[in-house]
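> If you scroll down you'll find the structure; I have some questions about it.
Since every read-out is calculated from the coordinates, none of them should be taken as a lab result. Bear in mind the structure is a predicted one, so any value in this text is a computation, not a measurement. Positions of Cβ are generated from backbone atoms using ideal geometry, with glycine treated the same way; all protein chains shown enter the neighbour counts.
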Amino acid sequence: MNEKNLVASLAVHGNDGEWLLIDATPDMAEQIRDAGSMPAAIVLTHAHIGHYTGLTHLGREVMAADKLPVWCSASMASFLRDNGPWSQLVELQNIELHEFNSGIVFSPIANVKITPLKVPHRDEYSDTHGFSISIKGRRTLYIPDIDSWSAWGDLPASARAHETVIIDATFYDDYELGNRDMSMIPHPRVKESLELLAPIIHDKELRVIFSHLNHTNPLWNKDSPAYKNVIGQYAEVAERGLIVK
């Protein structure tokens, strides 16, 4: 039986078994079981369904968490405070909100430093951030959702400052949704991202991991030409349990 694929999130490990979870997905309970313990903190990217709705598991009806630190932007914090059921988590102190600022380093757990990077995305309820994550001098760039690289900045330059990049792979190309106008769903296509990063993979031995796949993405199929193209250019497709050191 194939292992179930879960909504994209990231576990970041610090010292002495302590770890934090980036994004509270609908699969958060199962992801915590995979980790074997509760996270010491949660860090949120933005207010889209796959990235924060797992917070419901922390309420009194389920885990009844006690002041679990949740780090997010000011606009995300306002959204959680002002809207139920999330506001109940704050009122009952299941979660304790901590606000970060774009470009300012914070350390939610020991030995882990995170720099929030504001990125352009559909910001109906909050703004959106990716993160530069530093652990013992090794840096990982994590951007699971973004409208376009050109609207944000210089992806190759940002990639060169890191050992690993884990980035938005919602769509492989412009032909996945049949007759639907995909220009209305802005995400950088994997083919474009790979073209930008392929030279750096070889020059710098950069590790490139594509994550956050839509269910239509052919990269789910390891026998597809798309998957073979990514692997053939020495990039990777994220899988459940993938480890980055």
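> Can you give the relative contact order of the stretch 146-245 as a percent, counting alpha carbon pairs under 8 Å and 6+ residues apart?
Across the stretch 146-245, relative contact order equals 31 percent.
> Also, quick follow-up: Report relative contact order for the chain in percent, whole number only (criteria: Cα-Cα under 8 Å, sequence separation at least 6).
Reported as a whole number, the value is 13 percent.
> Quick check: pseudo-label points 7 Å beyond the Cα along Cα→Cβ at Val90 and Ser148, how many nm apart are they?
Reported label-point gap for Val90 and Ser148 is 3.4 nm.
> Another question, if that's okay. So if I place +1 on the C-beta of Lys and Arg and -1 on the C-beta of Asp and Glu, and nothing else carries charge, what would the dipole magnitude of the chain be about its Cα centre? I want it in debye, nearest 20.
Value, rounded to 20: 560 debye.
> Further question: Report the longest stretch of the chain that contains none of the chymotrypsin sites (Phe, Trp or Tyr not before Pro) sitting in a DSSP loop with at most 16 other Cβ atoms within 10 Å. Intermediate results must be reported in sequence, preceding the final value.
Details: sites that count: Tyr125, Tyr175, Tyr234.
For chymotrypsin sites (Phe, Trp or Tyr not before Pro) (loop position, at most 16 other Cβ atoms within 10 Å), the longest site-free span of the chain is 1-124.
> So which lysines pass the test for Lys228, namely a Cα distance under 27 Å, with those fewer than 8 places away in the same chain ruled out?
Lys4, Lys191, Lys204, Lys245
> Given that just one value was derived from the coordinates, which of [x] 17.7, 51; [y] 23.4, 81; [z] 16.8, 48 is Rg and Dmax of the Cα atoms in Å?
Correct label is [x].
> Also: DSSP loop trypsin sites (Lys or Arg not before Pro) in the stretch 61-124 with at most 11 other Cβ atoms within 10 Å of their Cβ, which ones?
For trypsin sites (Lys or Arg not before Pro) across the stretch 61-124 that sit outside H, G, I, E and B with at most 11 neighbouring Cβ atoms in 10 Å, the list reads Lys67.
> OK, next. Could you run the Karplus curve 6.51 cos²θ - 1.76 cosθ + 1.60 with θ = phi - 60° over the stretch 134-139 and give me ³J(HN,Hα) per residue in whole Hz, x for Gly and Pro?
The phi angles translate into 10, 10, 6, x, 9, 10 Hz.
> Does the stretch 146-245 come out rounded, prolate or oblate, given a ≥ b ≥ c as the square roots of the eigenvalues of its C-alpha gyration tensor, rounded meaning a/c under 1.5 and, failing that, prolate meaning a/b above b/c?
In terms of gyration-tensor shape, oblate.
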